[in-house]
Each structure stands twice: as structure tokens, then as C-alpha cells.
1. So for the stretch A:716-734 (the condition being within 14 Å of chain B (Cβ to nearest Cβ), in a helix (DSSP H, G or I) and either surrounded by fewer than 19 Cβ atoms within 10 Å (Cβ to Cβ) or of a type in the set (Gly, Ala, Ser) (or both)), does at least one residue qualify?
2. Just name the residue that is nearest to the other protein chains (Cβ to nearest Cβ) out of those in the stretch A:843-865 that are of a type in the set (Gly, Ala, Ser) and over 40 Å from the mean Cα position of the chain (by Cα).
3. Would you pick out the residues in the stretch A:852-894 that are in a helix (DSSP H, G or I), open to solvent by 30 Å² or more (accessible area, probe 1.4 Å) and hydrophobic (A, V, I, L, M, F, W, C)?
4. Being away from chain B (no Cβ under 14 Å) and hydroxyl-bearing (Ser, Thr, Tyr) is the filter here; which residues of the stretch A:682-697 pass it?
5. Applying the selection to the stretch B:31-62, what residues are under 30 Å from A:Arg837 (Cβ atoms) and not aliphatic (A, V, I, L, M)?
6. Can you name the residue in the stretch A:394-453 that is in contact (Cβ under 8 Å) with a residue 40 or more places away in the chain and of a type in the set (Asp, Glu) and is also surrounded by the fewest Cβ atoms within 10 Å (Cβ to Cβ) among such residues?
7. Test A:Gly522 against the criterion of being within 25 Å of A:Arg417 (Cα to Cα), surrounded by 24 or more Cβ atoms within 10 Å (Cβ to Cβ) and free of Cβ contacts under 8 Å to residues at least 40 places away in the same chain, and give yes or no.
8. How about the stretch A:735-773: which of its residues are buried (at least 22 other Cβ atoms within 10 Å of the Cβ), modelled with pLDDT under 95 and under 48 Å from the mean Cα position of the chain (by Cα)?
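The values are calculated or read from the model by the stated rules, or taken from the named source; none is laboratory data. Note that the structure is a prediction, hence the values are computed from the model and not measured. With ideal geometry, Cβ positions are generated from the backbone for all residues, glycine too; neighbour counts draw on all protein chains shown. Protein only, heavy atoms only, side chains kept; ligands, DNA and RNA dropped before computing areas. Shrake-Rupley method; radii C 1.70, N 1.55, O 1.52, S 1.80 Å.
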Amino acid sequence: MSGWRHGSVGSQIDRATPLPFTFDGRPGSGFAGDTPASALLASGIRVLGRSFKYHRPRGLWGMGNEEPNAIFDVTEDGRTTPNVRATTVMLRRNMALRSVNTAPDAARDRTGMLDLFNRFLPGGFYYKTFMAFGWMRWEPMIRRMAGLGRLDPGHCPPADIPQFNARCDLLVIGAGAAGLAAARAAARNGREVWLVDDAPEPGGSLRWRGGDIDGGDWLEFTRDAIGAITAAGGRILSGTTIWGAFDHGLFAAWERRDGSPDRLWRIRAAETVLATGAVERPLWFANNDLPGILSAEAALHYLSLYGAVAGRRILLATGNDASYPVAAALAQAGCDVTLADVRADTPATPDGVGHLRAARLTHAHGRNSVAGAVVDGRIIETDTILVSGGYTPSVHLHCQAGGKLDWDTGSDSLIPRPGSSALRVAGAVNGSFSLARALAEGHAAGRGTGPAPRAAAGDWQFFPMRPDPDLRGRQWIDPQNDVTLKDIKLAAQEGYRSVEHLKRYTTLGMATDQGRSANFAGLATMAALTGRTIPETGTTTYRPPFSPVPLGVIGGLRRGAVFNAPKRLPLEIAHKARGAMFREYGGWLRPSVYGTDDEAVLAQQEALAARKSVGLYDASPLGKIEVIGPGAAELLDYCGYLRLSTLKPGRARYGFVLGETGIVHDDGVVFRLSENRFVVSASSSHAASVRMILEEARQDVFDPAKSFIHDVTAGFATLTVTGPKSRDLLIAANLPEALYDDAKLPHMSVTETFWNGHSLRVARVSFTGDRSYEVTVPARHAPALYSALEAARQEVSGRWIGMEAVMILRAEKGFILVGKDTDGLTMPHDLGWQASREKRKDEYLGRRSLFTAEARRTDRRQLVGLEIDGVTPLPTGAHLVPLEGQRRSLGFVTSSYFSPILGRPIALALVEGGRNRIGTELGVFHLGKIGRVRICDSCAFDPTWERLHA
Amino acid sequence: MQIFTCPFCGPRDETEFHFAAEAGKKRPMPAETATDDEWAEYLYMNSASRGKAQEVWLHVTCGEFFLMTRDTVTRDVTAVTPLPGRNA
């Protein structure tokens, strides 16, 4: 308990509005404007969580999304959001904060004893130890103990996040001094500037460090910049994180809004300025993870913005000039401050500050909180240690955009290599820490005219601070994933020397803070241990997102019914009125059965009714690709497995479309309506891809002016009438007489006519083996056709049947579904269609592939039927195996149903050399048991095809 | 997210496009004159060049195939032209 609230300092908080909250169930209080982190710091609560692996007590370290420790499950209005970073959200009234990875709470965690076993938990420990009896045995236990917050299954945020595309002349990322200068310079020249920053308001580190610009307060400069941006039509987005740089100059931004849904912006700018600043590095000494050890920069941030003071007796350990204003401000706020600088040559001692020069902090004491420190062997009484190991520029977006890094000795950091990405870089991200340099670089990056804004000159000097591998005690490199210096030594010793290997072996930088404060030390240590320079050692790859982004932001409004919207039938309402149950088939929402009884029972009844009298079903999703023109026949000859130029007008032919690999891509019927007009009736799920195969051949192989391809699937509705009484139904429906004259419209023929003043196309093709009529009308006339057929259906006691019944009917005949009864190896001759392969001499798509050694094998998997004893259908997907000898898969069941008309199960299968096995028996392997099947012809019902004409 | 320019429709989002083939790949015609190896080469071998590449892409929404010259490293698109056989 040593943090406290200053009586007057704090530009962000409204002391008139106290906000009650709870932390691990205990009440606390903050002010409007606080973050949970500042409120807890001011309340003097130190232990905010437990570490990931050793369950060490952990406290607040930083001030933004680099924070590794202060991560909470936040409950508001009964809903819990897991893993919220306490530094990046605003405190709200009655927020319930729950520390993560603790039981029962952060202060009294009962697995803290794990830390005593730390010597048995080295880097790569999981890989080494838990492989012994199989990882799967250990994983549940480890997962319970490790990990962060808990998901609240009851909390499903609404899909209400809109996504916008935006364009501007200049995108400025970061609204600190450099970003403000860049944006102001560009806006003054009339450019539309978007200034985006993840803090609640512009200013960057000026907000807590302050500064005079052009002789006035920084706030005046900021107001001037905002005025210029707005006047030029630009926009300022605060509380908005640019979380990724993508191809062709796209940036994704997540805008957080209080009281309204967040927003996602996809921003493309003619130019982009990167002014993302830098993040302070920690220092490395024994027990450097104790609660009460904070970033010096963060301590100033909390003091200036929230009046939250980190402690009373403060040791500030540093090696750079940036810490001196921090020490001065804390001393002025009433703290007892000792500044320990590793350098002998330092700036002047700030007023009221104890100053140790050439002094090195080696050890922190304390159990759950800092109780003392050791500097050069001398014990120093202190309750709080602030540290600064220098700064790491936030180069993520530059690297995501393809940029490279260079080592900059002056700032002791890796900075963007000029020109290596399309981004212009300014300020601390460029290693330029002084206000004057940040302003000058920003002004230049914004292509400013006239003099740059001025500020007091003077650069910060940095002593290169590095972890000391020879120092005694445990030094934390990555506090969030519990990676110590020892783990990095072990990784180096075991050969994981590449930074990418180091990262994966030790999990360095893989936590939710992505190692913002940790990666540099890991990299520097590995460089030292392997005798390489830091640039030689390199960095891991920077990838989006820059910081964790809720999936709801990326998903936007696309969820539920609009996530992947199915195609809908024109007659959906009519089917629903009949009680149809809908399912998705090949991207279309179609009736599966009609009625509310058990789906399987209804499908059996419907299939039987269609065999006994007549069934009607909606076949509108069948592809209707019109191929028109003098080159149409030639084009279809090339794209089809069967020749189509020999088809007579008014006739239909079944065939396949192959890929160039000879594999069956789709099957279907092609109608020739007239000499130069065909309709390709591709299967419903392949219509789009068949159209593209036809287009590719039309444009790349033939004269594209000689044919035209038009996919009109969505423009027409098709109702199929099938069964022995289908002709009676057409007569009862009073359809044109020509349709039911078998001489004029025999099986595999098509005719176009008029009915009630609009066009009507009827085709005699059958997917059931029974006499069938496919009746097609323009979609807007579908209700009229439906009414006419429905009235006639009642006269002939027919039945509407859903897709489940159609599946049974087609399987009884051995009719395939491409993709179900075929796979990525199936060629047409495997399905019994060898005539074209043997007889066609002209060129067609995929032909050459049908004659490779592989295609000629006699043991290819071929389509056959299966017969079994009993009444239970085979499981689809079950493997067929030899009854004797070594067990191996000879193929598998592709379709399996109970046939109501045959009164027995039927099945289709792909089996090695299947046609030669007809009449023999095989085993069928399922759930460890082997049953017996007889191989038979794929057509189980009406093998003499009499019913087509009945 | 890349922006490709269809020669017929103008600049559009990359999700509207499909890669079709590397440009300049000649289909053996008639294919039966190709040996198994030549045919396999045609079907499966791509140069997948690093840097400059010329490819055939399909703008799915309009159905037109076209030639695109682009850099596979920088992702710059330098040219889009209709297929040579097209009487545009």
C-alpha cells in the first residue's frame, strides 16, 4: 500500500464525480476520467494479478497497450469481458474487476507455491517433460492452471459494429508532437488529413510531459493543429488504434466509442506519416518483476494526468536523460526521490532529488511488493522503484508495410530504414526524442512549407542498458509469459539462437502484450550470448494486429443469417406455407421435407409417394447457363466430355464437365433449344464454376465474338413433376397439349412454348428414374405455375417432396452427386462412362489426362452399388476392406439410404476395381467392427429402365 | 487488401478476382501429342516467380479474363490488359 492520490495534480480526472468499483470483490473508488489502472494505483493496491507460469505476484508496469500485468476480467451489467488491459479502457461506475490467472484472488493466490519449483520449469519445459505420457494427458491440467481470463459464455456482444472505407490525402498515425506537426503542416497546405491516435485525446507524451511550442503552451499548438485539420476537411480520430498495415496502402483502424458501437475503418491515403512514438524499456536486476516496480515514463503519466502517485519513497534507476524530468516532477509532488544513474556524467541534479552517479541497481527486495533495493551493494530503503532502460520505437506498422530497420546508436534502438516502406517517419519512432526534433521531422513529413514549429533544443542522451547474464538472481525479461534471463541462456545453449526460434522455444514476446517492453532485452541478450550485434541478430516478424482487436470488430455486421447468406428460392414462401422444413443444399436454402414429423420418416413417405403416384419438387437451383451463338456448339464440344454438336435441336444429353486433370468437375444435362442456342443445366452447387470454365474456354481458346454465355439461373423457377402419374398431373394442370404427347416430347427432349401468355420450357429428363417433367418459367411467374400444379396435384393425389426424398430416389437409380459420390480422383470412366474416352478423337477439356498411366490403371476406384442383409443402412463414409488378408481400405461408402420402394437398404460406393468385384463380398469397417457387403450394380431399382416411359 | 483494376470495370477490391493461370503457358494442342511428362509440366508446374509476374486473372463479377502484370513482392500492379484474342 504505497500509491496515493495527489491533492491537486491531474488534468484528466473530475474530482467532483467519484466512481465506485470493485477489485477482486473489494470496494474501491476512483474519479471520472480515471482508467482502472490509475484508480488502482491511486488506491495503493499493488498486486493486480499473478504471472502466467510461476504465479508470481505482479503489479502495474506501464500506461498503454505495452502493459503486461494489469489484465482483468471486467464485469458490467452482469456481462463479463475477459482480458481487458486496465491501462487502455476508461473506468466506469460499478465496474467489477477480477484479476486473471488467480485463485481465489490476486493477493492470496494459492498456486503461488509453483514459484518454488521454478528450477524445474525451464524454457521448453513443456516440450521436454509432458511428452512422456502424451501431451493430451497433461494438457487439460496445465490449461486449468495457466492461461488468462475466463470466457463468459452468456456474453455475446451484438454484431453491431459498422465498417467503413475511407480515403484521404494524408493519414497521420499518432497525435503526439511529431504527428500534430505533420498533420498541421499538411492541413495548412489544404490537404485532407486524418489524424488517428489511440489515446482519448491528442497530444501524445506532451499530455504528461508538457512543453512550450512556438513560444506558447503545447495546448495552444494542439488547438491550432486541430483547427487547421478540420478547416481543410480532415478528421481527428482519438481512441482509435491503427492495428494493421495491409497490401496496397490499406490501414485498418478500430475506433472505440463510449455509449455507441465501435467502428472499423479501412483507410487508404495518398501518403502516410508514422508518428507512433516509443515505449519505455524496463531494467534487469534480481526480482525486477516485483509489484511496485514501474516504468518511469508511466509514473509521470499517472501523476500528470490522474494525480496518481506510484509511491512515497521512490528509487528511480536509469541511464538516460528522459528520467530527469520524472524525478523532478515526483519530488515536486512531495515524494522522497533518489535518482540512481549508471552514468558518471549526467545532467544536473533536479531540485529536491537525491542523486547517485555511476550507480547500478542490482536487486529488489520484498515479498508481494517492493520493500528495498540494492544499489552498488548498498541497501536502499524504498517502497517504489521506477526504472528506465531507454525506449523502443513502435516500428510495427512500418515493418508490417514491408519496411526494414537500422541500428541507431544515438537513440540505442532499431529505427525505420528511410525509404524501406511507403511510410514517412517522424519523432520518437524515428529515434528522435527531443521535442524540437520531433516537431521538425513532423513538419517535414507533412511536407510543410515555411519554418517548422520551434521548441527548446537539446537531445536526450542514452547509456546502452543491457541485461547482465552474470548477475545473481532471477531477472525477468518477459513478465507476462514468465521468461527469465536464464531461459534465454538455456535457449542459446540448446541452439535456439535465431530470434524466431528463441521466441517459440521460450515464448518470449508471445503474450498479449506482444513483448513490447520485453523483446528488446531478449534480443540484446541473445546478441550478447552469441557474440553478434543486435542488427545481426535481427527481430521477429511484425504482423497485424498491432494490439488485440475484438473479433466482433473484424466481423462487423456479418454474423448469423448474413454471415454467409444462402441463395433463396422464388417460391420459398409457398413452400413454407405447405409446412416445408428448410436446409441448405449447395448454397441454396431448399425444402428438406414437408411436415413436422421426424425428418427421416417423412423422407421415406415422400419417396414412396413419388414412386407410387407422383411427386413434385422445386428444382429452381439447377443451373441454367445459356450458351448462344454460331460458336456455341464448338465451345461446348470442347468443354464437355460428351459431344454436343451432334445433339439435335429439341433434344437433351447428359454429360460431364472435366477439369484439365480429367477429374469430373460436374455432371448435368445440356439442352439444345435451337441450332445456336444451348442451355447447360449444371448442378446447383457447380453452376458458378461451370460458367467460369465455359468463359475461360470462350475467351482463351475460341473466338469470343462467336458465342455468348449467360447464367440465368436466378431468373427462372423450375418445378419437377416425377412419378408414374406425372403425365396425368400435367393434363390435370391444363398445360399445353404438346407437352404430354410422348411422340412430340419423348424422354431426353425439351420444348419451349407459351402458357398464359408467358414462356414455358418443359424438359423430359429424370433424376429419379421415373417419367419426369422439368417445368421452367420466368421467376416472376413461379407462383402461377405453383398454383396450377398444386391444384392438379390434389386431383391425382400427388405429394410435394423435399430434397431428402429426392436423394433417396436418385440413389435408388445409382445417379450420382458430384462431390458426394465422386472425389478429387474420379474420372468419367470410373463412373461407367467410357464411350467418349474410347471413341472421341477431337480435342476436349481434360482428354489428355484420361490416358496417363494413372488413368489407365485397372484398380482405380469405380462406382458400384452395395447390398447388405438386415434393415439398417450402412454408415456413409465407412471403409470397405478385404475379408481376408491384411486390412486396408479398398474404398468407401458414398451414399447410403433405406429404400422404401425396395424395402431394403441401398448404398453407393467407390471401390478399387469395383466393377470386376460385382457379385463378390467385401468387409465394411465401422467403429471397430467388420460387416459384410455384396458388391452389385449401382442401379438398384428398375434396372431395365421401363419406368422412364411408363 | 489489394485493389486490382479490371480492364472492363475499373479498380475493384481483390475479393472480386480469382487467379486463373500464369500467362504464356501454352496448352499442347492437340494434347495427345504431348508426352505424359510434358502434359504434367503443363498441368502442374508454375514458375511462381519472385518479383515481376505476368498472370491471367478473372474478374468474377463481370466474367472477363485479363492479363495482369504485377510484382509478387511489392504487390504493385503495373499493367492490366484484355486477353490477346479478344476483339475489344
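1. The answer is no, given that none of the residues of the stretch A:716-734 is within 14 Å of chain B (Cβ to nearest Cβ), in a helix (DSSP H, G or I) and either surrounded by fewer than 19 Cβ atoms within 10 Å (Cβ to Cβ) or of a type in the set (Gly, Ala, Ser) (or both).
2. Here the residue is A:Ala853.
3. Residue satisfying the conditions is A:Ala853 alone.
4. Passing the criteria: A:Ser683, A:Ser684, A:Ser685.
5. Listed by number, the residues that qualify are B:Glu32, B:Thr33, B:Thr35, B:Asp36, B:Asp37, B:Glu38, B:Trp39, B:Glu41, B:Tyr42, B:Tyr44, B:Asn46.
6. The extreme case among them is A:Asp406.
7. Against the criterion (within 25 Å of A:Arg417 (Cα to Cα), surrounded by 24 or more Cβ atoms within 10 Å (Cβ to Cβ) and free of Cβ contacts under 8 Å to residues at least 40 places away in the same chain), A:Gly522 does not qualify.
8. The answer is none; no residue qualifies.
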